[in-house]
Structure formats: structure tokens, C-alpha cells
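What follows is a short report on a single structure.
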Amino acid sequence: MMMTRADALVILLCSLLVAGSYAWLWTPAAPATQVRVVAGDREVARLPLDQPRQLEVAGPAGITLVEIRDGAVRCAASPGSQGICQQAGWLRQAGDMAVSLPNRIIIEVLGDEWVFDSVNY
Amino acid sequence: MTLSRKTRHPIPALALLLCLTLLLGACERPEIHRDRFLAFGTLVELNIYTADRELAARASESVRADLDYMHRAWHAWEPGPMGRTNELLATGLPFSANPSVLPLILDAQRLHEASEGLFNPAMGALFALWGFQSDDPRGPPPQPEQIRAILEQMPSMADIEIDGIRMRSHNPAVRLDLGAYAKGYGIREAMTHLRDMGVENAILNAGGDLIAIGRPGNRPWRIGVRNPDGNGVLASIEIKGDEAIFTSGDYERYYLHEGERYHHILDPRTGQPARGTRSVTVIHSDAAEADAASTALFIAGPEDWPRIAAGLGIDKVMLIDDNGLAHMTPAMERRVKFEGSAPEIRITPLP
């Protein structure tokens, strides 16, 4: 069995292509660094967690205030009468979230390192 | 190129085939696609394990559409098929039932009987009286004579006579509120639809109650059960096949009035929020039955829950009582792994 230079080149190129695609597609996800804010059915913001800022999000019940500080995000103020959105506290782990049902707003920390696939409550 | 030349170089050809196979493998790696949105009056989370990104997106749209439709059809206090059904039941005259609500009512009758009347969605008037037929429930709690007036009329699922699609109520106080059942029924139907679309591994979680099918690759689904006191996760449960996990807790919907907390799980015998229980978690193959059972077992309380669970055919139950004691069936104990410090546990076999 003889292998020509062209055959060797094909194998080399294929190997490089496969190695490159694995490095590109299978790189482990970075730790949670972003927060996603959804109002109603629409994503209104996707923000980095390492840059302090405040964001006012309008919903049907009023304004929800989203605050980012020290690598975490919280629902600082929201119109629900029971303060459920604010009670979620500072969110910093992937999957953490605060929800205002009256104002139809979801604040969630993005990432792939989830401890649980889903939480029952 | 001759056949003999082809056969002289099998190694590069095989290598090329292997490269392409591995490349395709890299492109179609299955992963968990997560989506969160508001539907059915609550937060809905859909996790789908698939390599087909387009299928995951279509599945999310399907779940939204299904839950929106069912929410409108079964809403207890907004105009729609359930509202119209309540109007017609109040007349006492026979009428043709709306096909979107009839199967729920039939199932609810069966579960009402099996739970010895503790699951009683005919008491919509009581839920309204307490202010829980609202998106933002508030006090004050009703006066005792107002509660007594409803209890004396004893509205019950057994008061509804059903013959084919014809229906009538023999008690004008019957007013349906399927809030303790519709979510379980709804996510079961939405998951059935996802299966028909080709989804094989998924979790659909609506407001903390969930149904799971399949598994994400070679491992089981990992579910956290939130501590009823609100501090983190109490326990974890692994799911390897098709199962639902439902929890009824006194922390879900409530209001405070003059320092007293009033939650939404009302005891049809007293007309008051059920006492003695913080939460009940049920694992069962059927999401709709798990939903109704978690409510009925919460109302049954720390003494009577085993009898009611046996009547409902539910063998995996965990009840956390007011003192933090975890009551469990043996089948549940085998499934629950406590995270951090475990509570005191009492294992109770079903009768």
C-alpha cells in the first residue's frame, strides 16, 4: 500500500480541520458574566455583570429598576405589592433569577454551569 | 482511475471518512436549550436536550401557544369558556359543555371523590371571597359569617351532573376554579404536543411544578426542591424517565394582614387556609393528578395524608409540617437526597 504526498496532505488538512472545529465548538462555557432582562415577550437588555449600571424597565404595572453592581444583579424596585421581585436579592450564579409577574419582567443570570436542571417549588 | 488503483489506497479514504464523521459529530452535539417566559400567569421554563436548535425554537413557540390558549380557556375569573360554564352552572339548567373544559371537569370529579372531597374546585366562591381570584391578592380576610354562608351551601363537584356533553348543576353555589389542577393538566398536554413534534428529552416547569421526559444524554435530570422557608434548596431528586414533580406550599400565594399570614390553599371543611403543613411534594407519572394530589395532601395535613395518598394512588410523597418535620413515604425516601443539613424525618408507609 502506497500513500502519496497528496494523500498525506488530505489527512493533515482533515486533522487540522477537526482539531480546529473541536476547539471552536467545544470550548467550555465561560462563567456567568451576563444578565438578560425580558419584558413581556421581548428581551430588552443583555448586559455584562462586571459593569455597574442601573436600568429602568417599563411594564404594564409601572417601572422595574434593575441594578448591576460588584458582579451581581438585583431587582432594586418593582411595582408588585408583595415585593417578590426584590426578595430574590442579589443574583450572581448562572440560572439565578428575579421575576415580577405583575410587571411581566424576568431578570436572569446567563451561563451553562447550572447545579440543577430545574427547580421545583 | 481503475478499481485496482482505488483498492491500493484504503487508508486515506478511511481517514477522510473518519474526519468527516468527527466533524459532523462536532456540529450536531446535543445540548440543553433553555427558554424562560411568562405564560399561564406564571414563569415558565422549558429545557430541551437536543442537537436540533430549530426544533428547540419551534418547541418553545408551541408551548407558549398551548399554554396561552389553555390559560384563556380555563381562567377562573376572566371571561372565557370556564367563565361561561360557571354562568350556565349557576342557572341550574342543562347545557352543552364547552369541549375545552369538559375533560377537566370530568377528571376533577374523579379526583374530588378519590380525595374524600379535599380537592374541591367547586368552591370558586370561597377562593374569590378570600381575595385569591386576583393577580395580586390582598386582604383583609373575610368575615366568619361570609365563610359560613358558603360552607352551608356545600358546593361540591358531585353536584354537577354530566351526561355525554350535557351538563347541569344541582347546586347554585357551584363555581368552578380549577387553579389547583389546570396547570398540571396544561403542562401534561403541552408536553404531549412536544412529543408529537419529535422532542424526546425535556423538562417543562411552570411556576415551580414540572414534568420531565427522557434524560439529557447519559445522566438523569437533576431537580432541586426549594426549601419552604425560602432559603435555597432543601433536597434534590433525580428523574430518569417520564415523571412529574409538584409542590404545594404555603409560601406560593399569600397576603399579610395585621401580622397574620393567609395563604391560598383553602380547606373546604373549614373555609380557612389549611393549617399544620408548610409544603407537600409529590412525584407521580401523571402531572395533572400530581397537581391535584399535592393540594389535597396539603389540606389533609400531617395526620391524614397517608390515607388520602393511598386513595389517590400516589406513593411518592414528602410533607413538611409546621415544625419542619419531613414526613415521607418509603418510595419517596428512596428518591430524595437532602442538600446540606437534613430535617428530622418520619417515614410513614401508606395504609
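Just a few scattered comments:
- Hey, B:R219 of a type in the set (D, E, K, R), surrounded by 16 or more Cβ atoms within 10 Å (Cβ to Cβ) and out of contact with any His (no Cβ under 6 Å at 6 or more places or on another chain) or not: no
- Failed criterion for B:N227 (all others in (1) surrounded by 13 or more Cβ atoms within 10 Å (Cβ to Cβ); (2) at the interface with chain A (Cβ under 10 Å from one of its Cβ atoms); (3) in contact (Cβ under 8 Å) with a residue 12 or more places away in the chain hold): (3)
- Here B:G179, B:G232, B:G208 are screened, and the one residue that is within 25 Å of B:E344 (Cα to Cα), under 18 Å from the mean Cα position of the chain (by Cα) and not aromatic (F, W, Y) is B:G208.
- Options B:G214, B:G232; residue that is within 14 Å of chain A (Cβ to nearest Cβ), touching an Asp or Glu at 6+ places or on another chain (Cβ under 9 Å) and surrounded by fewer than 17 Cβ atoms within 10 Å (Cβ to Cβ): B:G232
- Which numbered condition B:G276 fails, given (1) on the phi > 0 side of the Ramachandran plot; (2) in contact with a Ser or Thr (Cβ under 9 Å, 6 or more places away or on another chain): (2)
- Within the range B:70-98, being at pLDDT 95 or above and more than 15 Å from B:A182 (Cβ to Cβ) holds for B:R84, B:E87, B:L88, B:L89, B:A90, B:T91, B:G92, B:L93, B:P94, B:F95, B:S96, B:A97.
- Scanning the range B:200-211 for residues being more than 8 Å from chain A (Cβ to nearest Cβ) and under 19 Å from B:R53 (Cβ atoms) gives a total of 4.
The values are calculated or read from the model by the stated rules, or taken from the named source; none is laboratory data. All figures in this text were calculated on a predicted structure; none of them were measured in a lab. Positions of Cβ are backbone-derived with ideal geometry, glycine not excepted, and every protein chain shown enters the neighbour counts.
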